[in-house]
Ligand SMILES: Nc1ncnc2c1ncn2[C@@H]1O[C@H](COP(=O)(O)OP(=O)(O)O)[C@@H](O)[C@H]1O
Ligand SMILES: [Mg+2]
């Protein structure tokens, strides 16, 4: 592995009397594709700028392979940044932009020439060497910036929302390219984004941040399936958040007297909850099945809720339903239904229809205990 | 605006530049080819005497001194103006600082030059300061020499340089400096390799704003210079007022105008936009 291990240890950052980062600690492995995910304003850029050396932490340490880099200026740190606004040098051609780091080191022109061509090929930009940044589209600019950041063979690549200024299709293809480049060169990538689908699709691990605090670090699977707290449960994907008091416990299966809905069964392996505890639990919309007739042959650990749709949104590959459960007309549950086969007569369930919602206890998830 | 109306709109401007710019130059041009009148003015008679007088050691010397003063004070002014404008552009609440730069424009140039006489003179502020700091020798005359002329020019044209530089640097994306630092450039390296090329237009403008008026300077060398630091402006004044040689004064003026025109041509050459290619969209 050519990358570095990056450790952020209890880093805090104050801007005057505003605290942008609160005791942030991360341990990023060599060669990992690590994402920092959070809503805008949560401190992602600040954290990245501290790692890059543009800001000093008010407290804490940043180390690369066990060397503290806080005293080093940005040009002495073996990491490079890809900026959201590209930050290409407008007076230089594509070639000279990419060659910039090597020219600073007074590298042999022959070496520069071959390296620039190699890295331009990596980002599919051969043939554009003599253009100025002003003549390039947004996607091409970001490709130049990526080549420029990689050519000096840094140990870590920092990417600050590199795709957020591009349109959706382009984002997807550039993201795939980044994933491919990461696999090809094997250095550590630290990828900052507010877009969860970007973070979940390419990362080895994701840190979810909010208001200057790291709330959870885990694989995309863990972040999605086992959110550590209500913010993560709400922020990642779509979710139905429910609250209730545990009535009984049978092995891993808990029966929860859920507010407004009555007894629901939820399996939980990771923690030992106790009857009488009040808990927050969730059920993902895509894990609920929605039918017009009462489903038969359910196992004993199934939940079944009759209800009425009050809105249905058809969007091609799936439909979204918003349902008032019969038990409590004021509540609403989100349900997503994948269209796995051709719908001959159009969507079979529309709005204002009696429906049955059902899901397995295994698909529910207990997030945390709520202090009473 | 391609139609006839367009011509109409530019008519006042054309009239204005005709009366105040082109006609005087034509007069100067014609006068330089005429003979000198005994008590000033010209005799309407073709003569190349004025131009042959230009090929003299003394004229060559004055030209050289003028060029030297202009080049030196332009360089010095630029060296001061660059960091000042950079600082101004990077300071958030810079209204007061900008006002300080502009205030000298409200005070007459002659008054400001007299202020310098009060500072640099034998009885001036600088000598008092030196005595205060323990200097016990004879008072020093800092005035009436080459360097006094350079210093007062630097002072006078500093705001003329700061303003165009500031307006250029202000538009510069300082994020580019961070990008350069990130890619391995030192602080100075990022300024030289990334900022300077991107504010080239402002630098060239600033240089012209100081260089051209300094080339034609008259009052400053007259007030704080000596005979060794006389400039072309002084020669023109001398030939008009004392030597009654209007054709020679006109010829010298022509030379000055040509040098300035050369400067402006270099300006347009350096600031020319490279031909734009069509932006090709690609994924
Ligand atoms: N230089 C600064 N001075 C004062 N506040 C700042 C500065 N930089 C960032 N902040 C504040 O810190 C918070 C986090 O900002 P940032 O790291 O840019 O968030 P993100 O990248 O997650 O959108 C924001 O509230 C922002 O206003
Ligand atoms: Mg940001």
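Throughout, read-outs are computed from the coordinates displayed, never taken from laboratory work. Note that this is a predicted model, so its numbers are computed, not measured. When we count neighbours, we look across all protein chains shown, and the Cβ atoms used for this are built from the backbone with ideal geometry, even at glycine.
Worth pointing out:
- Pairwise label distance in nanometres, residue B:237 with residue A:291, each label 7 Å out on the Cα-Cβ vector: 10.5 nm
- Binning the C-alpha pair distances of region B:17-270 at 5 Å intervals from 0 yields a P(r) profile of 1, 6, 10, 13, 14, 14, 13, 10, 8, 6, 3, 2, 1, 0, 0 %, listed from the shortest bin outward.
- Cα-based Kirkwood hydrodynamic radius, the protein assembly as shown, one decimal, Å: 31.9 Å
- The calculated FRET efficiency for the pair residue A:117 and residue B:92, based on their C-beta separation and a Förster distance of 51 Å, comes to about 0.75.
- Between region B:82-111 and region B:1-63, the alpha-carbon center distance in angstrom: 36 Å
- P(r) tail fraction, region B:150-283 - alpha-carbon pairs more than 24 Å apart, %: 52 percent
- Mean Cα-pair separation over length for region B:17-270, i.e. relative contact order, pairs under 8 Å, 6 or more apart, %: 31 percent
- A Förster radius of 35 Å combined with the Cβ-Cβ distance from residue A:350 to residue B:170 puts the calculated FRET efficiency at roughly 0.05.
- Protection proxy ranking of B:11-21, A:50-60 - average other beta-carbon atoms within 10 Å, highest first: A:50-60, B:11-21
- Relative exposure of A:119, B:135, judged by other C-beta atoms within 10 Å (fewest first): B:135, A:119
- Length added when fully stretched, residue B:102-residue B:21, from 0.36 nm per residue minus Cα-Cα: 26.5 nm
- 11 Å tail of the calculated P(r), region B:219-264, as % of Cα pairs: 66 percent
- Over region A:164-311: Kirkwood hydrodynamic radius from C-alpha pairwise inverse distances, Å: 18.3 Å
- Gain upon complete extension [residue A:173, residue A:222; 0.36 nm per residue less C-alpha separation]: 15.1 nm
- Which of B:246, B:147 has the fewest Cβ neighbours within 10 Å, and the rest in rising order: B:147, B:246
- Gyration tensor analysis over the Cα atoms of region A:238-369 returns equivalent ellipsoid semi-axes of 28, 14, 13 Å (largest first, whole Å).
- Shielding by partners for peptide A:69-76, expressed as the average number of C-beta atoms from other protein chains within 10 Å of each residue's C-beta, is 3.
- Residues B:230, A:91, sorted so that the one with the fewest Cβ neighbours within 10 Å comes first: A:91, B:230
- Computed lengthening from residue B:130 to residue B:75, 0.36 nm per intervening residue step minus Cα-Cα distance: 17.0 nm
- Using all pairs of distinct alpha-carbon atoms, the Kirkwood hydrodynamic radius of region A:1-101 works out to 15.0 angstrom.
- Long-range tail of P(r) for region A:6-234 (Cα pairs > 28 Å, %): 30 percent
- Number of partner chain Cβ atoms within 10 Å, mean per residue of A:99-105: 4
- On the basis of the beta-carbon distance and an R0 of 35 Å, residue B:8 and residue B:30 show a calculated FRET efficiency of 0.70.
- Across peptide B:183-195, the mean count of Cβ atoms from other chains lying within 10 Å of each residue's own Cβ comes to 5.
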